[in-house]
Structure formats: C-alpha cells, structure tokens
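S.K.: Below is a structure I'd like to ask you about.
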Amino acid sequence: MNTKISGKEVSSYIKNRILDEVKHLTDKPCLAVVLVGNNPASLSYVSSKKKSCEELGFNHRDIELEESVSEEALLLVIDELNNDKDVDGILVQLPLPKHIDTDNIIRRIVPEKDVDGFTPVNMGNLVLGQDCFVPCTPKGILALLDYYKIDTDGKKVVVVGRSNIVGKPIANLLMQKDRNATVTVCNTHTVDLKKECLAADILIVACGQREAIKGDMVKEGAVVIDVGINRIEDSTRERGWRLVGDCDYNALKDKVSAITPVPGGVGPMTIAMLMENTLIAFKRRRGL
Ligand code: GUN
C-alpha cells in the first residue's frame, strides 16, 4: 500500500492555521507581487499567489511591468517597495526576461522582506543553518515530510537538479543537524543518473524535464517528491494542455512507498509557505 502525498491537503491545513492567526490581527500582512511580461506559467502562479492572499485576509500590492522594462526601472521599483513601510514581503516572479540580470534584482531586495528567501543573506544563513527565510518550495517539501512523518535521519536522499530555488537549498536543509540525511545532488553532467536515483531512500526531483524519472530509476519502497510542473499539450482538455511532473507518476506509483502527484503535490505547498513567510516578515517587522 503506498501513500499519495497530498500537498492539497497539507497546504489547506497550513493555510487554515494562518487564517486563524491573521483573523485576530488589526493590521494585515502585505505581499508585493512583481510580474514582468506575460509568461503564461508566471501569470498563473502570480494569480494563485494573489488569490491565496485574498483567501487569508492578506493585503497585496500588484506590480505588473512590460516585458521590455529596463533593469534600472525594475531596480527602482524594488527600492520603492523596500522603503514602503506598508509592504512586508516582496516577491519578484521568476524567470525574468533575458535582458535583465536576475541576480542584480534579487540582491536589491532587503533581506527582511525577502519572503522567497533568494537573497545572498538569506541563502548564506540557510547554508550556515541559521535563522532565515527558507525558500518556499524547499520549505514546502520539509513540511510534507514532517506531516507524513517521513524521517530523513541517516537516509540517503538524492536531489535531481541544482537550482538556486530548489536543488541547492533543499540539499543544504536536509544535510543539517536536525535532518541528518546523506545527500547527493545530481546535475546534467552526472555520469549515471539511473544508478544515483536507484540508491535513494528519498528522491527529490526538480530538473524541469517532463517525466525524466522512469519506473526503472527508483528503488522499491522509496519516497518520491516530484517538484516538476510541466505543461504538455492535451487536446482532450478544453484549455488544450495539462500538467505533468518530472517523474513518470504512473510508472512509479505502485513501486514507491509514497509519492507526490502533479498537480496537487508540491505546487500548493509553495504558495502556502509564501503566505507563512509573509506572516513571519509581518510579525518580525513589528517586533511581534
Ligand atoms: N518561479 C518559479 N518558482 C518560483 C518561486 O518560488 N518564487 C519566485 N519568485 N519565482 C518562481
């Protein structure tokens, strides 16, 4: 019997907890959401983030900029949000257009409002195991492991993908003294990806390649966390597409002990954690 790890269920549990807390606040947390251009996936993520703000009684500030906006103009927007006393959290939806240096933009966000946890100060503190804003997707993965009581102590964890958003932070979080996993991080140059994956007690896949992990690449009884969100054409759907993960869910589901579906797995957790980080920023800024 295997477990479908429901991010839908866990995220609504967490959001309800946040809602209960926010109900009693006179001032409400405020998240600024910056969207550049009109990438369909980004538009959809940003609209889910705003919807969650509304559901939880948060304020939100929406900044929508043309694809052609200059780096200088975007930096000025960040400065304004940094200095705006009513804004608790700043989220710049990634990816940004190619003519903009993403690192420059991220660096400009003051760490106290960096609810994505992407600034060098937050990432540095994360690696050091010190207090910081933990990036939302890795934080969501830890919350899923905790909710389903999946112990990582002494376990072999394999992370596929080394992005700043997921791979690097989740690998660092799991190797720390409170989680004690033995972590391997794979990338596109890994010589034998199948061999590495087969050794995993817990496999975390965030490589952005649809169904890259096949049925013969996981160990019997492993736990699989699929972070991928890929749109594929599907003419049977009215909208013409559907979402699949970075794992071949149907090939894996009967072999593993637990797995996250796509959609309804890690995705909703990322948003719940963004709300949690924004509430933390709100409280810290007021000394609560
Ligand atoms: N693009 C994909 N994931 C994320 C995320 O967690 N935060 C931001 N800001 N952009 C993203």
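S.K.: Only one residue in Leu43, Leu94 is assigned to a loop (DSSP other than H, G, I, E, B), within 13 Å of the ligand (Cβ to nearest atom) and under 30 Å from Val244 (Cβ atoms), so which one is that?
M.R.: Working: Leu43 fails: assigned to a loop (DSSP other than H, G, I, E, B).
Residue meeting the stated conditions: Leu94.
S.K.: Quick one: in the stretch 230-260, which of the residues that are of a type in the set (S, T, N, Q) and farther than 30 Å from Asp20 by Cβ is nearest to the ligand (Cβ to nearest atom)? Talk me through it step by step, then tell me what you get.
M.R.: We begin by selecting, within the stretch 230-260, every residue of a type in the set (S, T, N, Q); these are 230, 235-236, 250, 257, 260.
Adding the requirement that they be farther than 30 Å from Asp20 by Cβ leaves 230, 235-236, 250, 257.
Working: Asn230: 13, Ser235: 27, Thr236: 27, Asn250: 25, Ser257: 27 Å.
My answer is Asn230.
S.K.: From the list Pro169, Pro138, pick out the single residue that is without any contact (Cβ under 8 Å) to a residue 40 or more places away in the chain, within 14 Å of the chain's Cα centre (by Cα) and surrounded by 14 or more Cβ atoms within 10 Å (Cβ to Cβ).
M.R.: Sole residue among the options that is without any contact (Cβ under 8 Å) to a residue 40 or more places away in the chain, within 14 Å of the chain's Cα centre (by Cα) and surrounded by 14 or more Cβ atoms within 10 Å (Cβ to Cβ): Pro138.
S.K.: Being within 19 Å of Val34 (Cα to Cα) and among the acidic types (Asp, Glu) is the filter; apply it to the stretch 114-138 and report the residue that is farthest from the ligand (Cβ to nearest atom).
M.R.: Asp114
S.K.: Tally up the residues in the stretch 68-91 that are among the charged types (D, E, K, R) and within 16 Å of the ligand (Cβ to nearest atom), please.
M.R.: 1
Here is a yes/no grid of residues against (1) part of a loop (DSSP other than H, G, I, E, B); (2) within 29 Å of Arg285 (Cβ to Cβ); (3) within 15 Å of the ligand (Cβ to nearest atom):
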position: Asp146; (1), (2), (3): no, yes, no
position: Val157; (1), (2), (3): no, no, no
position: Asn164; (1), (2), (3): yes, yes, yes
position: His189; (1), (2), (3): yes, no, no
position: Glu220; (1), (2), (3): yes, no, no
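S.K.: Can you name the residue in the stretch 232-264 that is in contact (Cβ under 8 Å) with a residue 60 or more places away in the chain and out of contact with any helix residue (DSSP H, G or I) (no Cβ under 7 Å at 6 or more places or on another chain) and, of all such residues, is surrounded by the fewest Cβ atoms within 10 Å (Cβ to Cβ)?
M.R.: Among those that are in contact (Cβ under 8 Å) with a residue 60 or more places away in the chain and out of contact with any helix residue (DSSP H, G or I) (no Cβ under 7 Å at 6 or more places or on another chain), it is Asp254.
S.K.: Give the stretch 196-206 a look and list any residue that's surrounded by fewer than 17 Cβ atoms within 10 Å (Cβ to Cβ) and touching a helix residue (DSSP H, G or I) at 6+ places or on another chain (Cβ under 9 Å), or say none.
M.R.: Leu198
S.K.: Now for a separate question. If you scan the stretch 97-113, which residues turn out to be more than 13 Å from the ligand (Cβ to nearest atom) and not in a helix (DSSP H, G or I)?
M.R.: Across the stretch 97-113, the qualifying residues are Pro97, Lys98, His99, Ile100, Asp101, Val110.
S.K.: What is the residue count in the stretch 261-288 for residues that are more than 16 Å from the ligand (Cβ to nearest atom) and not in a helix (DSSP H, G or I)?
M.R.: The total comes to 5.
S.K.: Restricting the first residue to the stretch 39-55 and requiring it to be more than 11 Å from Met275 (Cβ to Cβ) and hydrophobic (A, V, I, L, M, F, W, C), which pairs with a second residue that is more than 10 Å from the ligand (Cβ to nearest atom) and modelled with pLDDT of 95 or more meet a Cβ separation below 6 Å and a spacing of at least six or different chains?
M.R.: none
S.K.: From Asp226, Asp178, which residue is charged (D, E, K, R), within 27 Å of Lys8 (Cβ to Cβ), surrounded by 17 or more Cβ atoms within 10 Å (Cβ to Cβ) and at pLDDT 95 or above?
M.R.: After applying the criteria, what remains is Asp226.
S.K.: Also, I was wondering about something else. Only one of these conditions is not met by Gln209: (1) away from the ligand (no atom under 16 Å from the Cβ); (2) surrounded by fewer than 23 Cβ atoms within 10 Å (Cβ to Cβ); (3) assigned to a loop (DSSP other than H, G, I, E, B). Which number is it?
M.R.: If we test Gln209 against (1) away from the ligand (no atom under 16 Å from the Cβ); (2) surrounded by fewer than 23 Cβ atoms within 10 Å (Cβ to Cβ); (3) assigned to a loop (DSSP other than H, G, I, E, B), just (1) comes out false.
S.K.: Another question, then. State whether one or more residues within the stretch 73-91 are assigned to a helix (DSSP H, G or I), closer than 27 Å to Gly265 by Cα, touching a residue at least 24 places away in the same chain (Cβ under 8 Å) and touching a helix residue (DSSP H, G or I) at 6+ places or on another chain (Cβ under 9 Å).
M.R.: No, the stretch 73-91 has no match at all.
S.K.: Tell me which residues, restricted to the stretch 203-220, are among the small types (Gly, Ala, Ser) and out of contact with any Lys or Arg (no Cβ under 8 Å at 6 or more places or on another chain).
M.R.: Passing the criteria: Ala206, Gly208, Ala212.
S.K.: For residues that are out of contact with any Lys or Arg (no Cβ under 8 Å at 6 or more places or on another chain) and either assigned to a loop (DSSP other than H, G, I, E, B) or under 20 Å from Pro263 (Cα atoms) (or both), tally how many sit in the stretch 191-202.
M.R.: The total comes to 2.
The values are calculated or read from the model by the stated rules, or taken from the named source; none is laboratory data. Computed from a predicted model, the values in this text were never measured in an experiment. Reconstructed Cβ throughout: ideal geometry from the backbone, glycine too, with neighbour counts over all protein chains shown.
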